[in-house]
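This report concerns only the one structure given below.
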Amino acid sequence: MTKAVPMTEIRRGDILESMHSGHAVVCNVDGDILHAWGDPDAIVLPRSSSKMIQALPLVESGAADAAGLTDQHLALACASHNASAIHNTMVNDWLAAQGFSDEDLICGPQEPRDIGIRDELIRCNDPVCRVHNNCSGKHTGFLTLSKHLGAGGNYTDIDHPVQKAVQAAHEELTHEASAGYGIDGCSAPNHASTLKGMARAMAFYAAAREGNGTRETAAARLRTAMAKHPEYVAGEGRACTNLMRAMGHTVAIKTGAEAYFVAMLPEQKLGVALKIIDGATRASENALAAILVKLGVLDPNHPEAQKYLDAPIRNWDGLQTGVMRAASTLN
């Protein structure tokens, strides 16, 4: 097994203070590895980076069209959102249109990441709801699919038809049997795969074109929805949203907990999967930005790119004390 390689370094003055190591793979649509850092065969839980795979049965089954879902709904089904007003309103309206409510979501309540919404809840003494969970869009998609299938029951159970469809999509797109699963923060199963397996799956999404069969059409719709509506995929101030805007809404990217990240590059038909082994999100954002620059889809001089590349580190008085930058291994 190849060891993880340095990916992100933190310097205080001229001194190397910290280093984050990880694995990353770039695959083409044929599944060939074009670039690799660390161990392409490392088996990892992709966490929320796999949400477009978890949403594939929603579209492929016809459930999304039967429910009249828009591109914004599809982006939200792939989201780890801030629980800003646009997210909460759309989830509530989507639930109501399907005959569901907050109580039908199994994801659990979560304090909004949007500070304004959080503070409003505190001022009004309103409870934190399941709709505020960053995965509520994905779960509303699960409910919509379950209703379409006439499945009922606990839609997060590993043997439920919804989760069987998700596992099948995961295995077919990664070209790997599930290496096992963990229960995610939102209570849904999350299937593990190798880094190269996830990169292969992302290359499929990148190359997918509408009209080339049901599965490709579904994948293309999800990828396009994410790239066109990055504000629904994450929210203001988030790397996913910022970087998709910086790339002109052409490339779709998605973060996952514990420093996982994926990217789908449709013009190059390439997929990227990345994992920082210590789980540091700051490092996964930095390393992904560096890889996107390397692949020619992100301008390193774009103001949003600079937030994640040679990013200044400042103390409480605003004095720059250091910098976060990609390690030389990513050049």
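The values are calculated or read from the model by the stated rules, or taken from the named source; none is laboratory data. Values in this document were obtained by computation on a predicted structure and should not be read as measured data. Backbone-built Cβ (ideal geometry, glycine too); neighbour counts: all protein chains shown. The protein model used for the area step is the full one, side chains on, heavy atoms only, and it has no ligands, DNA or RNA in it. Shrake-Rupley method; radii C 1.70, N 1.55, O 1.52, S 1.80 Å.
Summary table
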{"read-out": "Per-residue [θ]222 nm for the chain (sum of -39500 (n - 2.57) over DSSP H runs n ≥ 4, rounded to 500)", "value": "-11000 deg cm²/dmol"}
{"read-out": "Heavy atoms of Asp114 accessible to a 1.4 Å probe, total area in Å² rounded to 10", "value": "40"}
{"read-out": "Accessible solvent surface per residue of the chain, calculated while the other protein chains remain in place, 1.4 angstrom probe, Å²", "value": "40"}
{"read-out": "Length gained when the stretch Ile122-Ile158 is fully extended (0.36 nm per residue, less Cα-Cα span)", "value": "9.4 nm"}
{"read-out": "From the C-alpha gyration tensor of the chain, square roots of 5λ in Å", "value": "31, 24, 17"}
{"read-out": "By average C-beta atoms within 10 angstrom, highest first, the peptides 216-227, 26-37", "value": "216-227, 26-37"}
{"read-out": "Kirkwood-based shape ratio for the stretch 184-290, expressed as Rg/Rh from alpha carbons", "value": "0.96"}
{"read-out": "Accessible area in the full protein assembly, largest first, 1.4 Å probe, for Ile183, Ile86", "value": "Ile183, Ile86"}
{"read-out": "Solvent-accessible surface (1.4 angstrom probe) belonging to Thr214, in square angstrom, nearest 10", "value": "90"}
{"read-out": "Which listed pairs, of Lys3/Lys138; Lys164/Lys294; Lys164/Lys196; Lys51/Lys294; Lys3/Lys228; Lys3/Lys164, have C-alpha distances above 31 Å, in listed order", "value": "Lys3/Lys138; Lys164/Lys294; Lys3/Lys228; Lys3/Lys164"}
{"read-out": "Carbon and sulfur %, accessible surface of the chain computed with the full protein complex present, 1.4 Å", "value": "49"}
{"read-out": "Gyration tensor (Cα) of the stretch 234-331, equivalent ellipsoid semi-axes in angstrom", "value": "22, 15, 13"}
{"read-out": "Hydrodynamic radius by Kirkwood, which averages 1/r over all alpha carbon pairs of the stretch 56-161, in angstrom", "value": "14.0"}
{"read-out": "Global geometry of the stretch 141-189, whether rounded, prolate or oblate, following the gyration tensor of its Cα atoms and the 1.5 cut on a/c", "value": "oblate"}
{"read-out": "3J(HN,Hα) from dihedral phi, the stretch 96-105, Karplus parametrisation 6.51/-1.76/1.60, rounded to Hz, x for glycine, proline", "value": "4, 5, 9, x, 10, 9, 3, 5, 7, 6"}
{"read-out": "Shape call, the stretch 1-131: gyration tensor on alpha carbons, a/c limit 1.5", "value": "oblate"}
